[in-house]
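A.B. asks: Submitted below is the structure of interest, expressed as structure tokens.
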């Protein structure tokens, strides 16, 4: 379920999370638009639930080093082999399926959709992004 800032993304969508030595999680989201131009957004994430580490807040807006507009990114499902994660928000307005590989098997996708259904999401509202990396 793409967010408004993802509307231009038509292919090759990636999300990279990196933990630095200070404990800051850097988030880099990248995609390509219809013309093949690369679009990138960089932000930071912070762990909200330190017991499970499954609830994050992410901000892509920083003014004078102060991050604003934090959004919830909750891990609501995880493949037993960590091949994919299902991310959602408490209001179920946004969600993502993040896979380690460019393509998911039908079985993995059905597992992810099952997680979404069990969490109150409609998988039909999710947009599958074409992944064509060279």
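Only the coordinates and a few stated rules stand behind these numbers; no lab work does. Keep in mind that what you see is a predicted model, and the values were worked out from it rather than measured. All Cβ positions, even for glycine, are placed from backbone atoms using ideal geometry, and neighbour counts span all protein chains on display.
A.B. asks: Mind giving me the FRET efficiency for residue 124 and residue 67? R0 is 35 Å, r the Cβ-Cβ distance, nearest 0.05 is fine.
C.D. replies: Here the calculated transfer efficiency is 0.55.
A.B. asks: Let me ask you something else. Among 35, 49, rank each residue by its count of other Cβ atoms within 10 Å, from fewest to most, as a rough exposure measure.
C.D. replies: So the ranking, lowest neighbour count to highest, is 35, 49.
A.B. asks: Can you give the three extents of the C-alpha atoms in the chain along their principal axes, from longest to shortest, in whole Å?
C.D. replies: 44, 41, 27
A.B. asks: Assuming 0.36 nm per residue, please report the length gained on full extension of the stretch residue 34 to residue 133 beyond their Cα-Cα distance.
C.D. replies: 34.2 nm
A.B. asks: Per 10 Å bin, what percent of the C-alpha pairs of the range 68-134 does each bin hold, from zero upward?
C.D. replies: Binned Cα distances yield the sequence 20, 53, 23, 4.
A.B. asks: If you don't mind, there's one more thing I want to ask. Counting other beta carbons within 10 Å of each Cβ, put 133, 64, 69, 84 in order, fewest first.
C.D. replies: With the sparsest Cβ surroundings first, the list reads 64, 133, 69, 84.
A.B. asks: How do 46, 100 rank when sorted from fewest to most other Cβ atoms within 10 Å of their own Cβ?
C.D. replies: So the ranking, lowest neighbour count to highest, is 100, 46.
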